[in-house]
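Worksheet for the structure shown next.
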Amino acid sequence: MAATGALGRWQLSRAAEKEALQAAIAQRQHLPALDGATLAQPLPPAQAGALLHRAVALRGTWLPERTVYLDNRPMDRRTGFYVLTPLRLAGSPAVVLVQRGWAPRNFVDRAALPAVLTPPGEVEVHGRIAVRPPRAYALGEEAGGPIRQNLDLDAFRRETGLPLADMVVRQTGGTSEGLERDWPEPATGIDTHYGYAFQWFGLCALIGALFLWFQVVRPFYRSPRA
């Protein structure tokens, strides 16, 4: 009972930590937007982590020849691609990888790329600083080419020779350029911790009930007959 009760309390403490993280994310999302100069400079990991989910307003030029299509990425229960294109920041040699949106895949020709419009010249991009693209399950080593299962930012930096920033931007806004941007809210897993806590406390209560039955109730009713 002590062990299961302690595990239940630990899960509640983890849920409290995730709630604090969720509140911090919501607070960051309401802060003023950052510009490209913030992303262009190298930042220590702690400072870079504090910028996650902050809004950004960038100006720069797309590098469409380096666009990558991450396969098997769902949106609204449909399978397609996450489209990522490097953006060279205006007035700086730095390049930021932008997760521009989602596009459906062609199930007739799996090698066909979706029709995505990439405007030439200088553009303005609004988005939020995000973690690196989430990894999907893959068999074997990752192959090159525009369609990939996963994208490692460090390996992509070596492959392209681009001075990529350590942070990725997830573009926000409505559907445009053949891309949808109905991104899910950042998941912190609070409900999961509450579910585990309920299971541990339920097991603790079961152990207590069994102890009372076998050690107290049954001996009490048997002793007069004995």
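Quickly run through the stretch 195-216 and pick out the residues that are surrounded by 15 or more Cβ atoms within 10 Å (Cβ to Cβ) and among the aromatic types (Phe, Trp, Tyr).
Listed by number, the residues that qualify are Tyr196, Trp200, Phe201.
Among Val108, Val169, Val123, which is the only one that is without any contact (Cβ under 8 Å) to a residue 24 or more places away in the chain, out of contact with any Cys (no Cβ under 9 Å at 6 or more places or on another chain) and β-branched (Val, Ile, Thr)?
Val108
Could you grab me the full set of residues in the stretch 65-96 that are under 16 Å from Ile147 (Cα atoms) and of a type in the set (A, V, I, L, M)?
Within the stretch 65-96, Val68, Leu70, Val83, Leu84 meet the criteria.
Provide a single number: the residues in the stretch 169-190 that are more than 15 Å from the chain's Cα centre (by Cα) and among the small types (Gly, Ala, Ser).
Number of matching residues: 4.
A quick yes/no check of all residues on (1) within 14 Å of Val68 (Cβ to Cβ); (2) open to solvent by 40 Å² or more (accessible area, probe 1.4 Å); (3) among the small types (Gly, Ala, Ser):
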| position | (1), (2), (3) |
| --- | --- |
| Asn106 | no, yes, no |
| Ala115 | no, yes, yes |
| Glu124 | no, yes, no |
| Arg128 | no, yes, no |
| Pro133 | yes, no, no |
| Gly144 | yes, yes, yes |
| Arg158 | no, yes, no |
| Leu162 | yes, no, no |
| Gly174 | no, yes, yes |
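Only one of (1) closer than 29 Å to Leu39 by Cα; (2) in contact with a strand residue (DSSP E or B) (Cβ under 9 Å, 6 or more places away or on another chain) is not met by Pro93, so which one is it?
With (1) closer than 29 Å to Leu39 by Cα; (2) in contact with a strand residue (DSSP E or B) (Cβ under 9 Å, 6 or more places away or on another chain) applied to Pro93, the lone miss is (2).
Working carefully through the options Leu39, Leu84, find the one that is at pLDDT 95 or above and of a type outside the set (Gly, Ala, Ser).
Criteria check complete, one pass: Leu84.
Of all residues being open to solvent by less than 10 Å² (accessible area, probe 1.4 Å) and free of Cβ contacts under 8 Å to residues at least 40 places away in the same chain in the stretch 48-86, which is farthest from Met167 (Cα to Cα)? Just the residue, please.
Filtering first and then ranking leaves Gly80.
With the requirement that a residue be assigned to a loop (DSSP other than H, G, I, E, B) and under 22 Å from Gly60 (Cα atoms), what does the stretch 157-197 give you?
Once the filter is applied, which keeps residues that are assigned to a loop (DSSP other than H, G, I, E, B) and under 22 Å from Gly60 (Cα atoms), the stretch 157-197 yields Gly161, Leu162, Pro163, Thr172, Gly173, Gly174, Thr175, Glu177, Gly178, Arg181.
The values are calculated or read from the model by the stated rules, or taken from the named source; none is laboratory data. Fair warning: this is a prediction, and the values are worked out from it, not measured in the lab. Cβ: placed from backbone, ideal geometry, glycine included. Neighbour counts: every protein chain shown. Side chains are part of the model used for accessible areas, which takes the heavy atoms of the whole protein and leaves out ligands, DNA and RNA. Shrake-Rupley method; radii C 1.70, N 1.55, O 1.52, S 1.80 Å.
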